[in-house]
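A.B. asks: Starting off with a structure, shown below.
The values are calculated or read from the model by the stated rules, or taken from the named source; none is laboratory data. Predicted, not measured: the structure shown is a model, and the values here were computed from it. Neighbour counts run over all protein chains shown; Cβ positions are idealised from the backbone, glycine included. Heads up: the accessible areas ignore ligands, DNA and RNA and are worked out on the full protein's heavy atoms, side chains in. Shrake-Rupley method; radii C 1.70, N 1.55, O 1.52, S 1.80 Å.
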Amino acid sequence: MRMPLIAGNWKMFKTRSAAAEFAAAFLQNYTASDVEVAILAPFTNLADLVQAFKSSGVKIGAQNMHFADEGAYTGEISPLMLKDLNIDYCIIGHSERRQHFAETDEVVNQKLKAAFRHGINPILCVGEVRSERETGQASAVVTSQLNKALTDIKAREAAGLTVAYEPVWAIGTGLTATPEQAGEMCAVIRQILIDLYGEETADQIRILYGGSVKPDNATELLNQYEIDGALVGGASLDPVNFLNIVQF
Ligand code: PGA
């Protein structure tokens, strides 16, 4: 049985003081349950958040990293540096990285390998853009992204993977995939994972839905058989909204 994961993606929001305010407000009303909670924050907040959430059970993660351990890559952060902060998760291949920072499937594959090498649990994002959905290519696009991202990744490593299905047309737009659309694609992803790694390993991999998840649609989405949790952007910035989603 997979434990659901609700992960908040803060994107490029919150200064250190805003993050501290969030932590205080959230922790006032949060009690750990059988839902795992993670906050994926800007690099500048990670050390503070690891400290603030230390005894709460809430996990902390980054939103991106370089694939090299170190080197002449001005402005980048390495997996070694992240591991040193005791974070648990890192988003890899978010559509905003693919779109604005030209991240290719090959780079995503290298980053995934680096995450596994350092014991950081990657949350791999896949998803089609609107025109691809409208022309019936959504499954093919997601299948290709997943196969390329997982090239040469062994079953032993893949067991620690989380996949987030995030249709790009639903991110930050207020448009949500219907529970059926989301559930169907998550089932496609599960089948690919079974084909690549066998039932036993595929069974351990959580598949999240992301894209305009809000307190009022979370329950319906999370009740879909193949959806093991949510990657929440905008609605994770407010402690009350995020708590409502966590307690779906
Ligand atoms: P959203 O973002 O919830 O604001 O649509 C989701 C994401 O980008 O992970």
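A.B. asks: Going by the conditions given, is D238 within 15 Å of the ligand (Cβ to nearest atom) and surrounded by fewer than 24 Cβ atoms within 10 Å (Cβ to Cβ)?
C.D. replies: Working: within 15 Å of the ligand (Cβ to nearest atom): yes; surrounded by fewer than 24 Cβ atoms within 10 Å (Cβ to Cβ): yes.
Considered against the rule, which asks whether it is within 15 Å of the ligand (Cβ to nearest atom) and surrounded by fewer than 24 Cβ atoms within 10 Å (Cβ to Cβ), D238 comes out as yes.
A.B. asks: Still on this structure: Search region 199-217 for residues that are over 16 Å from W169 (Cβ atoms) and pair each with any residue that is open to solvent by 10 Å² or more (accessible area, probe 1.4 Å) and within 15 Å of the ligand (Cβ to nearest atom) when their beta-carbon atoms are under 6 Å apart and the residues are at least 6 apart or on different chains.
C.D. replies: Going by the 6 Å Cβ cut-off, the qualifying pairs are P215/N241; P215/N244.
A.B. asks: Please go through region 89-136 and give me each residue that is charged (D, E, K, R) and under 25 Å from T173 (Cβ atoms), ordered by number. Break it down into steps so the answer makes sense when it comes.
C.D. replies: Taking region 89-136 and keeping what is charged (D, E, K, R), we get 96-98, 103, 105-106, 111, 113, 117, 128, 130, 132-134.
If the condition is that a residue be charged (D, E, K, R) and under 25 Å from T173 (Cβ atoms), then E96, R97, R98, E103, D105, E128, R130, E132, R133, E134 are the ones that fit.
A.B. asks: Give me the pairs, please: first residue somewhere in region 157-172 and on the phi > 0 side of the Ramachandran plot, second residue anywhere and near the ligand (Cβ under 10 Å from one of its atoms) and part of a helix (DSSP H, G or I), beta-carbon distance under 8 Å, and either six or more positions apart or on two chains.
C.D. replies: Partner pairs satisfying both residue conditions: G172/G234.
A.B. asks: Would you check which residues across region 168-181 are open to solvent by less than 10 Å² (accessible area, probe 1.4 Å) and more than 9 Å from the ligand (Cβ to nearest atom) and list them?
C.D. replies: First pass over region 168-181, keeping only residues open to solvent by less than 10 Å² (accessible area, probe 1.4 Å): 170, 177.
Listed by number, the list holds a single entry, A177.
A.B. asks: Hey, another quick one. Inspect all residues belonging to region 158-170 and state whether any of them is modelled with pLDDT of 95 or more, farther than 28 Å from N241 by Cβ and among the aromatic types (F, W, Y).
C.D. replies: So far as region 158-170 goes, no, none of its residues is modelled with pLDDT of 95 or more, farther than 28 Å from N241 by Cβ and among the aromatic types (F, W, Y).
A.B. asks: Counting only residues that are within 16 Å of the ligand (Cβ to nearest atom) and assigned to a helix (DSSP H, G or I), how many does region 102-117 have? Please lay out each step first, then the result.
C.D. replies: In the first step, residues of region 102-117 are kept if they are within 16 Å of the ligand (Cβ to nearest atom); the result is 103, 108.
Remaining after also requiring assigned to a helix (DSSP H, G or I): 108.
Adding up the residues that qualify gives 1.
A.B. asks: Please specify each residue of region 79-96 satisfying the condition of being touching a helix residue (DSSP H, G or I) at 6+ places or on another chain (Cβ under 8 Å), of a type in the set (A, V, I, L, M) and more than 16 Å from the ligand (Cβ to nearest atom).
C.D. replies: Selection gives L82, L85, I87.
A.B. asks: Then there's this: Test each condition in (1) out of contact with any strand residue (DSSP E or B) (no Cβ under 7 Å at 6 or more places or on another chain); (2) without any contact (Cβ under 8 Å) to a residue 60 or more places away in the chain; (3) within 21 Å of I39 (Cβ to Cβ) for T178 and report the one that comes out false.
C.D. replies: (3)
A.B. asks: Sticking with this one: Condition test on E184, is it crowded, with 20+ Cβ neighbours inside 10 Å and either away from the ligand (no atom under 15 Å from the Cβ) or in contact (Cβ under 8 Å) with a residue 60 or more places away in the chain (or both)? Explain how you work it out, then say what you get.
C.D. replies: Details: crowded, with 20+ Cβ neighbours inside 10 Å: no; either away from the ligand (no atom under 15 Å from the Cβ) or in contact (Cβ under 8 Å) with a residue 60 or more places away in the chain (or both): yes.
So E184 fails the test.
A.B. asks: Go through region 56-75 and give me each residue that's closer than 13 Å to N86 by Cβ and either of a type in the set (S, T, Y) or open to solvent by 50 Å² or more (accessible area, probe 1.4 Å) (or both).
C.D. replies: Passing the criteria: only K59.
A.B. asks: Still on this structure, please answer the following. Conditions first: (1) part of a loop (DSSP other than H, G, I, E, B); (2) of a type in the set (S, T, N, Q); (3) within 15 Å of the ligand (Cβ to nearest atom). Q99 passes all but one, so which condition is the exception?
C.D. replies: Of everything listed in (1) part of a loop (DSSP other than H, G, I, E, B); (2) of a type in the set (S, T, N, Q); (3) within 15 Å of the ligand (Cβ to nearest atom), Q99 misses just condition (1).
A.B. asks: Continuing with this model, one more query. Just to be sure I understand the filter: pairs with C-beta atoms under 7 Å, separated by 6 or more residues or on different chains, first member in region 107-124 and on the phi > 0 side of the Ramachandran plot, second member in a helix (DSSP H, G or I) and open to solvent by 10 Å² or more (accessible area, probe 1.4 Å). Which pairs pass?
C.D. replies: Within 7 Å, the pairs are G119/K83.
A.B. asks: From the list A202, A159, A149, pick out the single residue that is surrounded by fewer than 16 Cβ atoms within 10 Å (Cβ to Cβ), among the aliphatic types (A, V, I, L, M) and away from the ligand (no atom under 16 Å from the Cβ). Explain how you work it out, then say what you get.
C.D. replies: Details: A202 fails: surrounded by fewer than 16 Cβ atoms within 10 Å (Cβ to Cβ); A149 fails: surrounded by fewer than 16 Cβ atoms within 10 Å (Cβ to Cβ).
Answer to the selection: A159.
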